[in-house]
Amino acid sequence: MLKVENLNVHYGVIHAINDVSIEVNDGEIVTLIGANGAGKTTILQTITGLKKATSGLVTFDNIDLLKEEPSKIVTHGIAHVPEGRHVFVDMTVRENIEMGAYMFSRKDKAQIEEQMENVFEKFPRLKERQSQLAGTLSGGEQQMLAVGRALMSNPKIILMDEPSMGLSPLLVQEIFGIIKEVNAQGITVLLVEQNAKMALKVANRAYVLETGKIKLSGDAKELLKNDEVKKAYLGA
Ligand code: ATP
C-alpha cells in the first residue's frame, strides 16, 4: 500500500534520512521506533509532502507521492496526525473536527454530518465536549481530537507522530486502545513512537531507526524479545 524506497532526505548538510526503505501493507499497524533525532518525523513529513526528499521513491497505491503537493496527497486517503497535536485552541471541539473535512475538501454538508457522527461514536468524550474550546481540553483529549479530525477525511491510512507524547500512563493506554480500534475498522496505521514498548505491543511489524538508517526490522512481537531492542529501547 505505502512504499518508501531508498529514501534520502537532507537538512542542508545534515543527512537526516539515509537510504531508508519501509513498506506498509493494507490493514497493518506498522511502527517506526527510534530515539530523539533518529529521523522518524522527517519520514512522515516526506510521505505527506511537507519535506522534500533528496532522492528515493515514495508510492501509495502505486501513485508517486514525491511529485505531488501536500494538499493533493491527502486526497488519496492519507491522513497525518502531527507531533504535538496542533489543535486549534480558540475553536470549539466541533469546529476543530469540521476543519478535518474542509482541509480534505469534503464540503458536502450531509456527508460532513455523517462523518462527524462516526467520529463522535468513536470518541463519546468529544461529543460531550463539542461546544468547549479545544484549548481547554486535557492533553489526552486533545490527542483524541487530533485523531478524530484526521478521521474526517475517511482515510485509508493514518500516519501518527508520537501520539503518546506527554500523556499520563492511563491516557497512553487509552490512546493505544484507540489506535487498535481505528485499525480494526479497516484503517491502516503507520505509527511513529518513542514509547517502543507500547508501540511494539500494538503493531504487527516494526522498523527501528537509528541516526537516519534502518537498524532492524521485522515482526513487532519478535522485536519485543530482541536483546538489542530490549537494551536500547525497552530499558532492560
Ligand atoms: P524526535 O523523536 O525527537 O521527534 P525524530 O526521530 O522525529 O526525533 P526528526 O525530527 O525527523 O527526528 O529529526 C531528524 C534529524 O534531522 C535530527 O538530527 C534533527 O536535528 C534534524 N532536523 C530536523 N528538522 C530539522 C530542520 N528543520 N533543520 C535542520 N535539521 C533538522
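The values are calculated or read from the model by the stated rules, or taken from the named source; none is laboratory data. Please read these numbers as outputs of a predicted model, since none were measured by experiment. Ideal geometry is used to build each Cβ from the backbone, glycine not excepted, and the neighbour counts take in all protein chains shown. The area values use the complete protein model at the heavy-atom level, side chains included, leaving out ligands, DNA and RNA. Shrake-Rupley method; radii C 1.70, N 1.55, O 1.52, S 1.80 Å.
Residue ranges 150-159, 15-24 sort as 150-159, 15-24 when ordered by packing (mean number of other C-beta atoms within 10 Å per residue, highest first). Projecting the Cα atoms of L7, A232, G100 onto the charge dipole of segment 2-233, computed from C-beta unit charges around the Cα centre, puts A232 farthest toward the positive end.
Per residue, the solvent-accessible area of the chain (1.4 Å probe, heavy atoms of protein chains only, all protein chains present) comes to 46 Å². Accessible surface of segment 110-236, 1.4 Å probe: 49 percent of it comes from carbon and sulfur atoms. Using 0.36 nm per residue and subtracting the Cα-Cα separation, the extra length available between D227 and N62 on full extension is 55.8 nm.
Less than 5 angstrom separates the built amide H of K51 from those of T46, all sequence-distant by 5 or more or on a different chain. The Stokes-Einstein estimate for segment 1-44, based on a Kirkwood radius over Cα pairs and taken at 10 °C with 1.306 mPa s viscosity, is a diffusion coefficient of 139 µm²/s.
Just to be sure I understand the rule: take each whole DSSP H helix in the chain, project its Cα atoms onto its long axis, keep it if the span is 15 Å or more and its mean Kyte-Doolittle hydropathy is at least -0.5. Which ones pass? The answer, listed by residue number, is 93-103, 139-151, 169-184. This model, with +1 at the C-beta of Lys and Arg and -1 at the C-beta of Asp and Glu, gives the chain a dipole about its Cα centre of some 300 debye. Under 14 Å of direct C-alpha separation, and excluding same-chain neighbours fewer than eight residues apart, K213 reaches these aspartates and glutamates: E5, D19. Show that you can apply the helix-only estimate: for the chain, add -39,500 (n - 2.57) for every DSSP H stretch of four or more residues, divide by all residues, and state [θ] at 222 nm to the nearest 500. Roughly -11000 deg cm²/dmol at 222 nm, from the helical runs in the chain. In this entry, the chain is assigned a mean projected area of 12.4 nm², taken as a quarter of its C-alpha convex hull surface.
Taking I78, I33, I63 as the candidate residues, the one with maximal mean-square fluctuation in a Gaussian network model of the chain, Cα springs under 10 Å, is I63.
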